[in-house]
Amino acid sequence: MSDRSFLQWPFFEDEHRALALKLEDWAKAELIDYSATPANVDLACKELVLKLADAGWLDYCVSKKFEGGNPKLNVRSLCIIRETLARFSGLADFVFAMQGLGSGTISFFGSAEMQEKYLPDVRKGGEIAAFALTEPDAGSDAAAITTTAKKDHDSFLLNGEKTLISNGGIAD
């Protein structure tokens, strides 16, 4: 086990310490097959989404309103989960982060209808989220992106170009 003394810092509560210990045990047992780069990364990502969902870890990506684990997203819990997953499997951390980025954006900025439609399935692993940020002239600098969304009656007109959409090839 790595040095976990940071869990004694004053902004972590008992629930965070319990989360870290529970996830540590789960990761030791469940991520052994994902510690190296798999032959089929897309298939492994899909497997990991379901594995994380079945164990309840994706509950932390969605609020309790949509069957998640907390009344609202808990950044401290998300950090503990990402730190632990990354130590055992970079791919598991990536999968968790992508589900969180996709669901976080919908949680904060999506309509109520969109939230109801996608968030429960993202939490259950039934929908794989994607995140489109990277642009040709901006890279991943969010402040420099040029893609725009303009309201057009009851829909939006998107103008711009992306060079990478994380999970784009497997997302729902």
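What follows draws every value from the coordinates through simple rules; no lab data is involved. Small disclaimer: the values here were computed from a predicted structure and weren't measured. Reconstructed Cβ throughout: ideal geometry from the backbone, glycine too, with neighbour counts over all protein chains shown.
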Check: So for TYR118, TYR60, fewest C-beta neighbours within 10 Å to most, what's the order?
Finding: TYR118, TYR60
Check: Using a basic spin-label model with each label point 7 Å from the Cα along Cα→Cβ, how many nm lie between THR163 and ALA29?
Finding: 4.4
Next item on the list: Starting at the first residue of the range 98-108, write each ³J(HN,Hα) from the Karplus equation 6.51 cos²θ - 1.76 cosθ + 1.60 with θ = phi - 60°, in whole Hz, x for Gly and Pro.
Entry: 5, 4, x, 5, x, 6, x, 4, 5, 4, 8
Notebook entry, point to check: Out of TRP9, ALA44, TYR60, whose Cα points farthest toward the positive end of the dipole of the range 9-126 (charges: +1 Lys, Arg; -1 Asp, Glu; placed on Cβ)?
Noted result: TRP9
Notebook entry, point to check: For the range 130-172, what value does the Rg/Rh ratio take when both radii are computed over Cα atoms and Rh is the Kirkwood radius, given to two decimals?
Noted result: 1.03
Note to self: Given an 8 Å cut-off on Cα distances and at least 6 residues of separation, report the relative contact order of the range 9-126 as a percent.
What the structure shows: 32
Next item on the list: Run the dipole for the chain about the Cα centre, Lys and Arg Cβ at +1, Asp and Glu Cβ at -1, nothing else charged, and hand back the magnitude in debye, nearest 20.
Entry: 320
Margin query: Can you say what percent of the DSSP beta bridges in the chain, counting only those with both residues inside, are antiparallel? Round to 5.
Written below: 90
Margin query: Beyond 22 Å, how much of the Cα-Cα pair distribution for the range 9-126 remains, as a whole percent?
Written below: 32
Next item on the list: Mind listing the long-range amide H neighbours of PHE131? Cut-off is under 5 Å, sequence gap 5 or more, other chains count too, H placed in the peptide plane at 1.01 Å from N.
Entry: SER166, GLY168
Margin query: In the chain, once you exclude exposed GluC sites (Glu not before Pro) (DSSP loop, at most 16 other Cβ within 10 angstrom), what's the longest stretch remaining?
Written below: 68-160
